[in-house]
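S.K.: Provided herewith is a single structure, encoded as structure tokens, for subsequent inquiry.
What follows is calculated from the coordinates using simple rules that are stated; it is not laboratory data. This structure is a prediction, so every number in the text was calculated from the model and none was measured. In this analysis, Cβ positions are derived from the backbone assuming ideal geometry, glycine residues included, and neighbour counts consider all displayed protein chains.
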Amino acid sequence: MTNLQTRGSAPTARRVRGPAYAAITECLRIQTTARPLPLLGRLFGQNPILPDARSWYLGAMGEIHVAKVLSNLSTDWTVLRAIEPAAEPSDLVVGPAGAFLVATRNHSRQRVWLGDDQLLVNGHRTNHLDDARHEARLAARVLGLPVTAVLAIVDPATLAITEPPRGVEVIAATQLESFLRRRKPRLTDAAVSEMLVMAEVSGTWSADVVDETLRYETRFARLKAEVDAAAHRRRAWLVAAAIVVTSLIVAGAVLAK
């Protein structure tokens, strides 16, 4: 499992929010204005997430997914999270292969295309590459060492890379663990420990996650269960409709003979 505590002599532990804190709290804040779904809405699987909360919900799901992937890394690696949650989530991952700033973007069931140093989602340009490079440069300035920018795309329908972008590693989130494990080691244990201490001392990141996030997880888990149940009901109705239509077509063909 990934090391969540820095090695060597580290500064006093800081209170830091866990993965998806900002997205979860904003999603739940918006959802407090939601009215109960009507009976027919619940019956037919209407999405309980308000339109304004959907991007936050997807963002939270993406961050949670990436956190789970990173937790599978060996103890040679340490994941540090921002003390102050940012609008665009990212994790600082430090290990034998160096420092990596992993930015998460959830583009579930969307087409992602890379080429000519541009990242398009369903044909629309984004600032993802520029943002990832900028964040990595800031991190490198704080640490005084090179930091590799990594853009982890969650659940894309397709991820087509016609030309690798400049200064950013773009991968599907499911490949993040293997991507980091395959990197050639270039830092000693002492160098890794020093980098971790510098990250903590900077006041920007910390490896310690406290219960400040956990108090929201039950509410978010309950909301996710409602979303999943609604999606299941929608699929059930679609299957039922397909069966009825197919039966009518077959019956019509038989009667026409």
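S.K.: Scan [x] 1.05; [y] 0.95; [z] 1.22 for the value of Cα Rg over 2.2 N^0.38 Å calculated from this model and give just the label.
M.R.: The listed entry that was calculated here is [z].
S.K.: Place the peptides 97-108, 116-127 in order of packing, highest mean first, counting for every residue the other Cβ atoms within 10 Å and averaging per peptide. Intermediate results must be reported in sequence, preceding the final value.
M.R.: Values: 97-108: 22.5, 116-127: 12.7.
Ranked from most to least packed, the peptides come out as 97-108, 116-127.
S.K.: Under 18 Å from a point 7 Å along the Cα-to-Cβ line of Arg109: which residues of region 235-254 have their amide N that close?
M.R.: Hits in region 235-254 for Arg109 at 18 Å: 235-242.
S.K.: For region 122-178 and region 23-64, what is the separation of their Cα centres, given in Å?
M.R.: 28
S.K.: If you don't mind, another one. Hey, what do the phi angles of region 143-158 turn into as Karplus ³J(HN,Hα) couplings, whole Hz, using 6.51/-1.76/1.60 and θ = phi - 60°, x for Gly and Pro?
M.R.: Here the 3J(HN,Hα) series is 7, x, 9, x, 10, 8, 7, 10, 10, 9, 9, 8, 6, x, 5, 9 Hz.
S.K.: If R₀ is 25 angstrom, what is the calculated FRET efficiency for the pair Arg125 and Arg183, using the beta carbon separation as r and rounding to 0.05?
M.R.: So, using R0 = 25 Å, E works out to roughly 0.25.
S.K.: By how many nm would the segment from Thr246 to Arg42 lengthen if fully extended, with 0.36 nm per residue of separation less the alpha-carbon distance?
M.R.: Fully extending the segment from Thr246 to Arg42 adds 70.8 nm.
S.K.: Right, next: Hey, what did the chain get for relative contact order, percent, Cα under 8 Å, at least 6 apart?
M.R.: 27
S.K.: If each of Ala256 and Ile83 carries a label point 7 Å out from its Cα toward its Cβ, how far apart are those two points in nm?
M.R.: For the pair Ala256/Ile83, the computed spacing is 7.3 nm.
S.K.: Per DSSP helix of 4 or more residues, -39500 (n - 2.57); summed, then divided by the residues of the chain. What does that give at 222 nm, rounded to the nearest 500? Show your work: numbers first, answer last.
M.R.: Numbers: 7 runs with 115 residues, N = 257.
So the helix-based figure for the chain works out to -15000 deg cm²/dmol.
S.K.: Could you give the length gained on full extension between Leu238 and Leu145, defined as 0.36 nm per residue of separation minus the Cα-Cα distance, in nm?
M.R.: Values: separation 93, 0.36 × 93 = 33.48 nm, distance 5.38 nm.
My answer for the length gained is 28.1 nm.
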